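*Asks:* Below are the structure tokens for one structure; questions will follow.
Every number here is computed from the coordinates shown, using simple stated rules; none is lab data. Predicted model only: the values in this text are computed from it and were never measured. Cβ coordinates were reconstructed from backbone atoms using ideal geometry, including for glycine residues, and neighbour counts include every protein chain displayed.
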Amino acid sequence: MSRSHFMALFRDVVGTTPQAYLTGWRLVIGRRKLSKGATVKTVARQVGFGSAAAFSRAYFRKSGDWPSLGRQVSMQATEHGS
């Protein structure tokens, strides 16, 4: 199967490109790690982004919030026993 054929089939079945699917999945994993208190820099490296800035931009495009804000909110909830 050619690369272009695979990409077309993937898009037909999944509804998005392989790259967009992979980025979305990496962001889901990143959000979970941030909610557990990991730093943006550490999460970016663990989920395969080249830098914390690249992860932050992708996170913002997908969610409309910066990842550091999400981390702060989850840490405050933990501190207050929520």
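*Asks:* So what are the ³J(HN,Hα) numbers for region 52-59, from phi and the Karplus equation (6.51, -1.76, 1.60; θ = phi - 60°), rounded to whole Hz, Gly and Pro as x?
*Replies:* 5, 5, 5, 4, 4, 5, 5, 4
*Asks:* Using DSSP to define loop residues, name the trypsin sites (Lys or Arg not before Pro) in region 1-61 whose beta-carbon has at most 13 other beta-carbon atoms within 10 Å. Don't skip to the end; give the middle numbers.
*Replies:* Working: sites: Arg3, Arg11, Arg26, Arg31, Arg32, Lys33, Lys36, Lys41, Arg45, Arg57, Arg61; in loops: Lys36.
Passing sites in region 1-61 are Lys36.
*Asks:* Tell me the chymotrypsin sites (Phe, Trp or Tyr not before Pro) within region 14-52 that lie in a loop according to DSSP and have at most 10 other beta-carbon atoms within 10 Å.
*Replies:* Values: sites: Tyr21, Trp25, Phe49; in loops: Phe49.
Loop-located and lightly packed - none at all.
*Asks:* For region 24-34, what does the Karplus curve 6.51 cos²θ - 1.76 cosθ + 1.60, with θ = phi - 60°, yield as ³J(HN,Hα) per residue in whole Hz, taken in order and with x for Gly and Pro?
*Replies:* x, 5, 4, 5, 4, 5, x, 4, 4, 5, 4
*Asks:* If amide hydrogens are placed 1.01 Å from N in the peptide plane, which non-local residues have theirs closer than 5 Å to the one on Trp66?
*Replies:* none
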